[in-house]
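A short worksheet on the structure shown next.
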Amino acid sequence: MGSTRRRGQRGQAIVLIALIISVLLGFLGLSIDGGRAFLDRRQMQASVDASALAAAFNYMNNSDYSQAELAATNEYANNERLYMAPSCSGYGGLTVTCTFSDPTSHSLVITVANRSIAGVTFTATAVHSIGVTVMQVLGFGSTIPVGATATALARRTGTNGAAIQTLSPGSCNGASASLTFQGSSTTTVTGDVWSNGSIFDNSASAGGAVNGNVVDVCGAPPALSTPSPWTVSGAQVNGWNMPDPGYLSPPINSTSRSWNGTSGSVERPGTYTVDPSLAGGAGCYFLAGGVYDFKAGFSQNGGFVSNELRPPDEPNMAAAGQPNMTTLRSDLTGARQTSIAVNALPGPVPQGSLVSLWGGGQAQT
């Protein structure tokens, strides 16, 4: 009986091996063909990015849809190394469709949208197919579709970079606004104010001034147009949703810091428990890169604060082999004077330097 059962089980390993080989071939196909598709997708994303940016840049210089769309088409073809002229339709309108006669059937669609004061957006969407090898053997077809899209904004003349920009899609009814001004102090904003939701003023009679445009995405002009204490030098209009890159919030630096009151100092990121309270006559201060947490607030009624790093000190010219000059601090007086007070050199004199003194029309070395 035992011998009969063993003879009946012979050959079962072949079936298991065949199944395992099929699974391994599937993983092999995913790694080879999927890897090729991933690399191709990344290259295509770079191409549509360049295409959209080329259109926006061209439009800001020429204000012509047709020229901008042609620039986008050429940029995409150059990046994808497509050397045959495409067949395109719709130049000068809001949608351009191009097909390329290459083996992988590239197609490019350029969409234009007028966003009022926000500018004009150019969206480039591309699709093509790449051939597969292992996956085709397994019955998954001979090609894999690959696509990518990108959008670029061409700003209008007279618009500035956003001084305040919120990506939160807050409610447009004022109940939970994306951006809210509140408090009893007057706010002055130099630059545009942009919001992915509503902008709401809750500062009572304080108000403020915006030296730029105010743009949100709600169905009515931003709320800053209604409080009389607010003044806006530019336009107040509805814009479009700015894409949120989804970056994680940076960690708060818990290092305790104190504001350096010396003019020209570079402040360091960290936690400040005392308000710097910059008043009239305050100096210039520069913020090093990082996250600042002002627990008691940040008051500035004077001075200058910049997040652009202070330029480095000028190098010692003597160390660079250049002439280093100084001047007298006093005239020669009296008889038999043996010393003269001069301004200090900015650095040590390197060994072997030539030192010259000039006075009274005579030079001494």
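A short reminder: the numbers here are calculations on the coordinates, not readings from a lab. On a predicted model such as this, the values are computed, not experimentally measured, just so you know. Virtual Cβ from ideal backbone geometry, glycine too; neighbours counted across all protein chains shown.
In this rough spin-label picture, where each label sits 7 Å from Cα along the Cβ direction, the Ile14-Asn253 distance is 7.1 nm.
Between amide H atoms placed 1.01 Å from N, distances below 5 Å from His106 occur with Phe100, all of them 5 or more places distant or on a separate chain. Phi-derived couplings, Karplus 6.51 cos²θ - 1.76 cosθ + 1.60 at θ = phi - 60°, listed residue by residue for the stretch 291-297: 9, 10, 10, 9, 5, 9, x Hz, with x used for Gly and Pro. Between Gly170 and Ser178, Gly197, Ser198, the built amide H atoms are under 5 Å apart, and every one of these is 5 or more places off in sequence or on another chain. Subtracting the Cα-Cα distance of Ala113 and Leu94 from their residue separation scaled by 0.36 nm leaves 6.2 nm. Amide H contacts for Tyr285 (H built 1.01 Å from N in the peptide plane; partners 5 or more residues away or on another chain; cut-off under 5 Å): Gly264, Phe304, Val305, Ser306.
Per-residue extension of 0.36 nm, minus the Cα-Cα distance of Leu39 and Leu287, leaves a gain of 85.3 nm for this segment.
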